[in-house]
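Working notes, structure below.
No value in this document is a laboratory result; all are computed from the given coordinates. Only a predicted model underlies this, so the values are computations on that prediction, with no experimental measurement involved. No Cβ is skipped: glycine too gets one built from the backbone with ideal geometry, and neighbour counts run over all protein chains shown.
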Amino acid sequence: MDTDLTAAYDRCRELHRRHGRTYYLATRLLPAWKRRHVHALYGFTRYADEIVDRTEELPPAERAARLDEWSARFLAGLHGGPVDDPLLPAVLHTIAVFDLDRGDFASFLRSMAMDLTVTSYRTYDDLLDYMEGSAAVIGTMMLPILGSAEPAAAREPARQLGLAFQLTNFIRDVAEDLDRGRTYLPDEDLAKFDVTREDLLAARARGRGTPKIRDLIEYEVSRAQAHYEAAAPGIVLLDPGSQACMRTAYALYGGILDEVAGQGYDVFTRRALVPGRQRLAVATRALLTPAGTPVTVPGPGPRTVASG
């Protein structure tokens, strides 16, 4: 591997280590040769997200121009052009090694562009359209790297796991997203529980949710739990060497739902986090769990889902 490519993989790994603590811990359980490719995909998604969310002081048009320019460099690289970028060489190498679907990357960039102009979603179907690119395709990008003897059967669970992880983030980060001027909880869900955006902003300022908001969050947790349930059969379809990694990620992201439930579904009192000691215990348990063992669906009333 040449020096520039090694440096690009190192850059992706550092982004992953710094910003994706939960998934980075899980990735350490993968065979060493797979890790750098997971870091590359994380680096790609994180860097695009940084352009969208970490340049808030800039006008939307300039942020869009930066995303367009970076996307153009990536697309040029896909077509064999030279790439002057600190991390894209690793991404392009990973795409080539695993022959990843280029359409997944286009779909992802489309959703990132939506974040520059779309601040709310009317229905859950509208949100799912956004999450198709921002989350479901992450699952299908990852699947060839993780490996499976039954890739066709594992594809939909992989998509569902991406949706589960993203919805978990949306639930945990309601307050943070409000600070960015966005709400990812669908308008129809807010109306169902007689909650307005102004109610959410008031709860953010107060540091405490109302009973109606807590009911809304409980409803969203149950919706996320359904995605975890749909994803569960896919864990045991992965290559045995990849199962501990994804079992850990599944349990840790799902553990955020348990933390939300444990604080009475009030996501404004504090940011729900899985304690460090518990994170290490989950990873250790995953390493000791025989491949093929069914996973337990997170959230209130956990249940085990077998494959098939």
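Brief remarks follow.
- Remark on Val297: its backbone amide H falls under 5 Å from those of Arg303, Thr304, Val305, a criterion applied only to residues 5 or more positions apart or on other chains, H modelled at 1.01 Å from N.
- Values of log10 I(q)/I(0), in the order q = 0.07, 0.12 Å⁻¹, for the chain under a Debye, Cα-only, solvent-free model: -0.27, -0.82
- Helix-only [θ]222 nm of the chain, DSSP H runs n ≥ 4, -39500 (n - 2.57) each, per residue, nearest 500: -22000 deg cm²/dmol
- Take every pair of alpha-carbon atoms less than 8 Å apart whose residues are at least six positions apart; their mean separation over the length of the chain yields a relative contact order of 18 percent.
- Cα gyration tensor, region 138-189 - rounded (a/c under 1.5), prolate or oblate: prolate
- Size descriptors for region 152-296 (Cα atoms only): Rg and Dmax, in that order, 16.5, 49 Å.
- All alpha carbon pair distances within region 100-155 were sorted into 5 Å bins beginning at 0; the resulting P(r) in whole percents reads 4, 19, 25, 20, 15, 10, 6, 2, 0.
- With q set to 0.11, 0.17, 0.24, 0.26 Å⁻¹, the log10 of I(q)/I(0) for region 61-133, from the Debye formula over equal scatterers at the Cα positions, is -0.34, -0.73, -1.11, -1.20.
- Working note: Karplus 6.51/-1.76/1.60 with θ = phi - 60° gives region 231-244 the couplings 7, 3, x, x, 4, 7, 8, 6, 3, x, x, 9, 5, 5 Hz, where Gly and Pro are set to x.
- Inter-centroid distance (Cα atoms) of region 182-248 relative to region 136-161, Å: 22
- Basic side chains Lys and Arg get +1 at the Cβ, acidic Asp and Glu get -1 at the Cβ, and with that the dipole of the chain about its Cα centre reaches some 1220 debye.
- P(r) tail fraction, region 89-242 - alpha-carbon pairs more than 19 Å apart, %: 58
- Phi angles of region 179-189 translate, via the Karplus equation with coefficients 6.51, -1.76, 1.60 and θ = phi - 60°, into HN-Hα couplings of 4, 8, x, 10, 10, 9, 7, x, 4, 5, 6 Hz per residue; Gly and Pro are given as x.
- Calculated SAXS-style log₁₀ I(q)/I(0) at q = 0.31, 0.33 Å⁻¹ - region 216-260, Debye, Cα scatterers: -1.11, -1.17
- Karplus 3J(HN,Hα) series, Hz, for region 60-70 with 6.51 cos²θ - 1.76 cosθ + 1.60 (x for Gly, Pro): x, 5, 6, 5, 4, 5, 5, 5, 4, 5, 5
- For region 43-169, diffusion coefficient by Stokes-Einstein and Kirkwood Rh (Cα), 25 °C, 0.890 mPa s, µm²/s: 158
- Relative to the compact-globule estimate of 2.2 N^0.38 Å, the Cα radius of gyration of region 7-59 comes out at 1.22.
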